[in-house]
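The values are calculated or read from the model by the stated rules, or taken from the named source; none is laboratory data. Computed from a prediction, not measured in an experiment: that's the story for all the values here. Cβ sites come from the backbone with ideal geometry, for glycine too, and all protein chains shown count toward neighbours. We work out accessible area using only protein heavy atoms, side chains counted, and drop any ligands, DNA or RNA first. Shrake-Rupley method; radii C 1.70, N 1.55, O 1.52, S 1.80 Å.
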Amino acid sequence: MTHLLSGGLSVDDLSVERHAFKLEQQMSLCNPSTADGPYDIFPCLPSLTMTASAPLASTRAWIETFVVAHDICPFAGRELERDTIRYVEVEAGDWEAALLRLIEECQRLDDEPAIETTLLVLTGGVEAFDDYLDLLDIAEALMLEQGYEGVYQLASFHPDYCFEDAEPEDPANFTNRSPWPMLHLLREASVEQAVAYHADPEAIPERNIVEMRRLGHAQLSRRLAELRGQEVGEA
């Protein structure tokens, strides 16, 4: 299927070679703290608000109880406290509409410096990880075409995220597993500043991998499913 974008561009025109994700090359800002027991990977989940959709509420809970609680991102806690994280639900069954929404959110970041980062939570259309990777490739090509290289980074998260050189059951994959598929827009300047002020940024990915493997696939999978509201059996 060919998805047409504005200006006569097509998804096929913007297709690029699929990413080769390597565990040792992953530079997400991850620095998890040590957990003492099987259920403190995610502390007690905050109550879901009546105004937030289920995907947005579970995503915020994931940010609060995993990303921030375990200091995975050096600046996420500050931005959560300052309420500068924007959460946007995007129906991804229509790739053209989803990609155009991505560019609209880039433009919003251009116009609203008070927003530090934006999470586009994707519902429908990219449940399969391979489909998500295809959309991610096109999204990055589109951002390049629109002049956003070096301005915004696009971080990737999916419930079934799997690095190229990892087995699906490897707990290390949970560094990039989230309740829902997501496209995460970050300001390049903020990422560079966070890395500059971190004591040892090069060691972050490896520490994260070691910690995820220590916690184990069963615990991480169960808690991620709980965040999404799924019922899972005992592992």
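Assorted remarks:
- Among the candidates Leu56, Leu100, residue that is assigned to a helix (DSSP H, G or I), open to solvent by 10 Å² or more (accessible area, probe 1.4 Å), more than 15 Å from Ser156 (Cβ to Cβ) and in contact with a helix residue (DSSP H, G or I) (Cβ under 7 Å, 6 or more places away or on another chain): Leu100
- Only a single item in (1) of a type outside the set (Lys, Arg); (2) modelled with pLDDT of 95 or more; (3) assigned to a helix (DSSP H, G or I); (4) open to solvent by less than 20 Å² (accessible area, probe 1.4 Å) is not met by Val90, and it is number (3).
- Residue satisfying condition, being among the acidic types (Asp, Glu), more than 26 Å from Ala194 (Cα to Cα) and in contact with a helix residue (DSSP H, G or I) (Cβ under 6 Å, 6 or more places away or on another chain), within set Glu169, Glu116, Glu145, Glu164: Glu169
- All conditions but one from (1) touching a residue at least 40 places away in the same chain (Cβ under 8 Å); (2) part of a helix (DSSP H, G or I) apply to Gln107; the one that does not is (1).
- Annotation: of all residues in region 38-87 being in contact with a strand residue (DSSP E or B) (Cβ under 8 Å, 6 or more places away or on another chain) and of a type in the set (D, E, K, R), the one that is modelled with the highest pLDDT is Arg86.
- Of all residues in region 153-170, those that are open to solvent by less than 20 Å² (accessible area, probe 1.4 Å) and outside any loop (DSSP other than H, G, I, E, B) total 1.
- Top-ranked residue of region 109-152 - restricted to ones that are under 23 Å from Ala172 (Cα atoms) and out of contact with any strand residue (DSSP E or B) (no Cβ under 9 Å at 6 or more places or on another chain), ranked as most open to solvent (accessible area, probe 1.4 Å): Glu127
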